[in-house]
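One structure is given below, encoded as structure tokens.
The values are calculated or read from the model by the stated rules, or taken from the named source; none is laboratory data. Just so you know, these numbers come straight off a predicted model, no measurement behind them. Note that we place each Cβ from the backbone using ideal geometry, even for glycine, and neighbour counts take in every protein chain shown. Accessible surface is based on the protein model in full, side chains and every heavy atom, while ligands, DNA and RNA are left aside. Shrake-Rupley method; radii C 1.70, N 1.55, O 1.52, S 1.80 Å.
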Amino acid sequence: QVQVVASGGGLVQAGGSLRLSCLVTGSTFSIDVMGWYRQALGKQRELVATITSGGSTNYEDSVKGRFTISKDNAKNTVYLQMDNLKPEDTAVYYCKADVRRYSWSGRYSYWGQGTQVTVSS
């Protein structure tokens, strides 16, 4: 069974930094895309950043230049380095992995548990 485990949230002052980690465990044929999403209180979940198996990245406009997504293929882990954090970055952050279990199978999305990021002003 594929599992996605996120970690690294916490409380930080505005201007500070945090690094989130997301580990994919279980047997997989490929991990095609991994991404970070966030959901602030009372708001819809939104995309923060994604990275493909080939290393292509995509960022939500408000985090460009402040957040960096990267991956370690050997560890099946994706990181989100968050710098110059702002109070509006406060949210529960979720990791998602788009995975193929087998060479013949389709791509399925697996979500990790959320990790709280709180930025104080």
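What to note about this one:
- Take every Cα pair under 8 Å whose residues are at least 6 apart in sequence, average their separation, divide by the length of region 80-121, and the relative contact order is 49 percent.
- A dipole drawn for the chain from +1 and -1 charges on Cβ atoms has a positive end, and of Gly42, Thr52, Asn84 the residue lying farthest that way is Thr52.
- Accessible carbon and sulfur surface of region 1-119 relative to its total accessible area, %, 1.4 Å: 47 percent
- Cα pair distances in the chain, grouped into 10 Å bins until the bin that holds the longest one, percent each: 14, 47, 29, 9, 1
- Percent RCO, i.e. relative contact order, over the chain, from Cα pairs under 8 Å lying at least 6 residues apart: 37 percent
- For region 25-51, the residues whose amide N sits under 15 Å from a probe point set 7 Å from the Cα of Val5 along the beta carbon direction are 25-27.
- Accessible surface, per residue, of the chain when the full set of protein chains is kept, probe 1.4 Å, Å²: 53 Å²
- Assuming charge only on the beta carbon of Lys and Arg (+1) and of Asp and Glu (-1), the dipole of region 6-110 about its Cα centre is about 220 debye to the nearest 20.
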